[in-house]
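The values are calculated or read from the model by the stated rules, or taken from the named source; none is laboratory data. For clarity, every value in this text was computed on a predicted model and none was experimentally measured. Every residue, glycine among them, receives a Cβ derived from its backbone with ideal geometry; neighbour counts consider all protein chains shown. SASA here: full protein model, heavy atoms, side chains in, ligands and nucleic acids out. Shrake-Rupley method; radii C 1.70, N 1.55, O 1.52, S 1.80 Å.
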Amino acid sequence: MPAPAFEEFDPAGDCDCAGCVHWRRVLPHSATGHGSRHPAARRVLVVAAAALAAGQAAPALAAPHAAQRPDLPPDDEATSPQGGPAPLHGAAGRPKPAPGTVVPAITRAEIIKRAKTWVEAKVPYSMSRFWSDGYRQDCSGFVSMAWKLPGNEWTGSLGQYGVRVSKDDLLPGDMLLFHNPENPQNGSHVVIFGGWTDHTHTSYIAYESTRPHARKQTTPYAYWNNSDRYLAYRYKGLAAGTTGTPGAEPSASAARPYPGAAYFGPGAHNKHVAELGRMLAARGAGRFYASGPGPRWTDADRRATRAFQRAQGWTGDDADGLPGPRTWALLVTGEGKDITTGAAAPAAPASHGVPGYPGRAMFRPGAANEYVTQLRRQLVRKGFGTHHTTGQDPRWSEADRRGVEAFQRSQGWRGGAADGYPGPETWRRLFA
């Protein structure tokens, strides 16, 4: 009986089945582990051929691909095999620059933009192939690409291009790196940090190259596995804003990640509100603040935020006057459009549900704004303007307070309810 003929159909060399992962670990530098052959599949054929030669029926074989591990997200593995240092486009490309070469300058915004190009193109994961831009299609090649490095690095060499930072200092464009020196093919991985998902700092947006292709995904800090072994790095060639100045760091106001929606809105009183106000004032919203900005959230913060959002062309819920991650990112990076003096005035305020009422912050000692003038005119119309000597100065005065107090007492109010400072009910009745 003639020997049976076999035709092998081998998957790609970067296959992530259990057999291939095993052979890449034990033979990391051989053609068996890195070529186009599939060691696990070839071993199956050897067993089947031996059984037929002995006149036996070929045994039923389990599918060579192992099921996904339940503790990892889809398409993830605990190991992250990768290629070594190489020039762009591989061995046939330009020679890799010598160590110590000056690194190119790049902004945080450009790092994230470059990372998104691979995510949007769904660049397939491979530790042996190179994408059209010359970077290897594995985790370390992805970060080399995002950081615009002159060649392809690996987890054992990427650290030399960055400086260590703490978890609290992480900002978009930094990297989280785990290199396993004892066995680099076992667990080593690296991702681009894209920003915290909320104020708890327990999860973040990760940009990475992993099977089956580059992705952007919410990820628990620091990673799905080996979490305690990841280190945070900031690129040495980081440029500030869009000027491209190498080595410069963002200003103090730009060095803060988005703290979360809970820090803004009615009743909020914290340092992030004050920082928001300062950044808004620097972008053309100073006219919304009679005094401050300060740590207590006021309607001035809401109107200033809405004006900035509208300057970006946003409408509806995107311009609700409450800073979300997009609004915050534009403010801290200095990007986006400033509020122009000729911009359309924001909609009339409606604090506490009372149309036109701008909030108590507009009527404090030292405040000067259009609402003081509006209030004063209405007091005169209602017959409570006897304390005023002039009506042109928009600055809040004792005469205004006494006029409001007289109106409040006319409503039968006493004590703290007649303190001379207009609250929402005072405003509603005065302008009824």
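For the pair the stretch 270-294 / the stretch 179-218, the C-alpha centres are spaced 35 Å from each other. Normalised by residue count, the stretch 98-243 yields a Cα convex hull volume of 116 Å³ per residue. Take the Cα of R428, step 7 Å toward its Cβ, do the same at R326, and the gap between the two points is 3.4 nm. The listed residues I111, I205, once ranked by accessible area (1.4 Å probe) with the largest placed first, stand as I205, I111.
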